[in-house]
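Beneath this line is the structure, given in structure tokens, with notes to follow.
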Amino acid sequence: LASTDFPNQGVKHFAADWESVVKSIYDDKDFGDELNYKSYFEKDIEPILKGITSREEKIKLIFDYVKTRMNWNEKYGYYCKVGVKKAYAEKVGNVAEINLMLVAMLRYAELKANPILVSTRSNGIALYPTRTAYNYVIAGVELDNKQQVLLDATSKNALPNILPFRTLNWIGRMIRNDKTSIEIDLMPKSNSKEIVNVIASINEDGKVNGKIRAQYFDYNAYGFREIHLKKSKDKYLEEMEKQYVGIEVDEYTTTNDNDLSKPMIETFSFVNNNIVEGIGNKIYFSPMLHYAKHNNPFKDEVREYPVDFVFPHQDKYSYTITIPKGYEVESLPEPLAVFMEGNIGSFKYNIVKSANQIQVTTQLDMNYPIIPPDFYHTLRDFYKKMLDKQNEKVVLKKV
């Protein structure tokens, strides 16, 4: 919408370019005015900031305070509905009320904080200058080296620069208090790690017993807390046993559920009767056990849209597998290292035997959250090679 001309109201201009969009949003009383109020939180924030000089500590303390106090009503938008004062008093607000409140508190602490307009993943990409291009707002603190700390206090599990998945959508637009704006890259830059250690043993009947310890970092930890911890334990284990056919899980525990500064950890024991095949006097199995994937998700010959991994990630798995008594290794898969062009990603697979054990390590790196369609064939071939290797068998023979 560029302008309106209603009877007795005259012409009102809204949007012709991004600067006019930004100005019209900031000038609205339900946006710009809300950033100027501070009396409602001063007495609560002062004790928290007393004696604190570190910029990083100020950001953390204020962010944690808003996350703890406020509860999101799951309403989107960048305009306040009831206003920051009433939202603060009632401890409930929409996206704008919570995150504009956060900006105001950060500014009160003498930090260079500004709101950032965002188009959520469900809203699409903000391509054209219009006020409906965005439907969400987060907070940002500008640092000396032209970097920003991105904050969204609507999610209890969010951290500085760990935003809810709904906001990871290309580019946002930061509005400074002089009503100018700059583009902000919302996409994560570093790989979120998943580290899994498996210790297992195989008996003569092909039954596999083992223990698993999995650690999740950054966006992997955020996703685990947001998705899995909100389910009942029984529901989550039911889903896990459905995903990995034949597995039975026991002794399941999680660590650091609420300590967001540490990785999310889950540990459990398992039994699986579905991953070892015996033929004659030989045993065949994938050393990646139930974690070996079988189906390439990229089946189409042609793809016109980017591949969206949401965030870059690194998956590291290590296996120590004890073979049954009376058997020896006849053959092992060969080690493999596959790299995609442009540093898009890599897969490394190594395997060794020692005495009665087989040790395997794998590492998958996907270094970009979004892969352009120009690289689709590279990605599809990469996945084919990776999955073929994951499904190669160790062969044991009876002595």
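With all protein chains kept in place, the per residue accessible area of region 159-250 amounts to 51 square angstrom at a probe of 1.4 angstrom.
Of the residues Tyr37, Tyr136, ranked by 1.4 Å probe accessible area with the largest first, the sequence reads Tyr37, Tyr136. Bridging of Lys81 to lysines at a Cα separation below 25 Å is possible for Lys12, Lys23, Lys29, Lys38, Lys43, Lys67, Lys91, Lys156, Lys179, once same-chain residues fewer than 8 apart are set aside. Whole Å is fine, so just give me how far the alpha carbon centre of region 293-311 lies from that of region 190-210. Here the two parts' Cα centres lie 27 Å apart. Computed from label points 7 Å out along Cα-Cβ, the spacing between Glu42 and Lys211 is 5.7 nm.
Once the chain from Asn73 to Val245 is taken as fully extended at 0.36 nm per residue, the excess over their C-alpha distance is 58.1 nm. With point charges of +1 on the Cβ of Lys and Arg and -1 on the Cβ of Asp and Glu, referenced to the Cα centre of the chain, which listed residue (His13, Asn343, Gly326) lies farthest in the positive direction of the dipole? Result: Gly326. The dipole here belongs to the chain: it is taken about the Cα centre, uses +1 on the Cβ of Lys and Arg and -1 on the Cβ of Asp and Glu, and is about 480 debye. Assuming charge only on the beta carbon of Lys and Arg (+1) and of Asp and Glu (-1), the dipole of region 1-128 about its Cα centre is about 360 debye to the nearest 20. Distance from the C-alpha centroid of region 266-286 to that of region 154-189: 46 Å, rounded to the whole angstrom.
Rounded, prolate or oblate: which fits region 262-313 when a ≥ b ≥ c are the square roots of the eigenvalues of the alpha-carbon gyration tensor, with rounded for a/c under 1.5 and prolate only if a/b beats b/c? Oblate is the answer for region 262-313, as a/c is 1.5 or above yet b/c matches or exceeds a/b. On a C-alpha basis, how far is the centre of region 29-64 from the centre of region 87-113 in Å? Whole number, if you could? When both Cα centres are located, 8 Å separates them.
DSSP bridge analysis restricted to the chain gives an antiparallel fraction near 90%, rounded to the nearest 5. Computed with every protein chain present, the accessible area of Thr361 is close to 70 Å² [probe 1.4 Å]. Across region 134-268, the relative contact order, built from alpha-carbon pairs under 8 Å that are at least six residues apart, equals 16 percent. Look at the dipole of the chain built from charges on Cβ: of Phe63, Val95, Asn114, the Cα furthest out on the positive end belongs to Phe63. Would region 37-157 count as rounded, prolate or oblate if I go by the C-alpha gyration tensor, calling it rounded below 1.5 in a/c and otherwise prolate when a/b exceeds b/c, oblate otherwise? Since a/c reaches 1.5 but b/c is at least a/b, the shape of region 37-157 is classed as oblate.
Spin-label model, His13 to Asn123: label points 7 Å out along the Cα-to-beta-carbon direction sit 2.4 nm apart. In summary, region 246-399 shows an alpha-carbon radius of gyration equal to 1.23 times the 2.2 N^0.38 Å reference for compact globular proteins.
Tell me the angle of helix 18-27 to the major Cα principal axis of the chain, expressed in degrees between 0 and 90 and rounded to the nearest ten. Here the helix axis deviates by roughly 60 degrees. Taking all protein chains as shown and a probe of 1.4 angstrom, Lys233 keeps an accessible surface of around 110 Å². Subtracting the Cα-Cα distance of Ile227 and Phe339 from 0.36 nm times their residue separation leaves 37.2 nm of extension gain. Per residue, region 24-136 exposes an accessible area of 48 Å² to a 1.4 Å probe, with every protein chain left in place. Taking only protein heavy atoms and a 1.4 Å probe, the accessible area of region 246-321 is 45% carbon and sulfur.
With contacts taken as Cα pairs under 8 Å and at least 6 residues apart, the chain reaches a relative contact order of 12 percent.
Against the chain, whose longest principal axis is taken from its Cα atoms, helix 376-390 shows a tilt of about 40°. Could you tell me which label, among (1) 4, 19, 24, 21, 15, 10, 5, 2, 0, 0; (2) 5, 21, 29, 21, 11, 5, 3, 2, 2, 1, 0, 0; (3) 5, 24, 35, 26, 9, 1, carries the value of P(r) over Cα pairs in 10 Å bins from 0, in percent calculated for this structure? From the options (1) 4, 19, 24, 21, 15, 10, 5, 2, 0, 0; (2) 5, 21, 29, 21, 11, 5, 3, 2, 2, 1, 0, 0; (3) 5, 24, 35, 26, 9, 1, the structure gives (1).
Shape class of region 82-145 from the alpha-carbon gyration tensor: oblate, with a/c at 1.5 or above and b/c at least as large as a/b. Output the relative contact order of region 310-377, whole-number percent, from Cα pairs under 8 angstrom with separation of 6+ residues. The value is 42 percent.
The values are calculated or read from the model by the stated rules, or taken from the named source; none is laboratory data. Since this is a predicted model, take the numbers as computed values, not measurements. Methodologically, a virtual Cβ is constructed for each residue, glycine included, from the backbone with ideal geometry; neighbour enumeration extends over all protein chains shown. Ligands, DNA and RNA are excluded from the accessible area calculation, which covers all protein heavy atoms including side chains. Shrake-Rupley method; radii C 1.70, N 1.55, O 1.52, S 1.80 Å.
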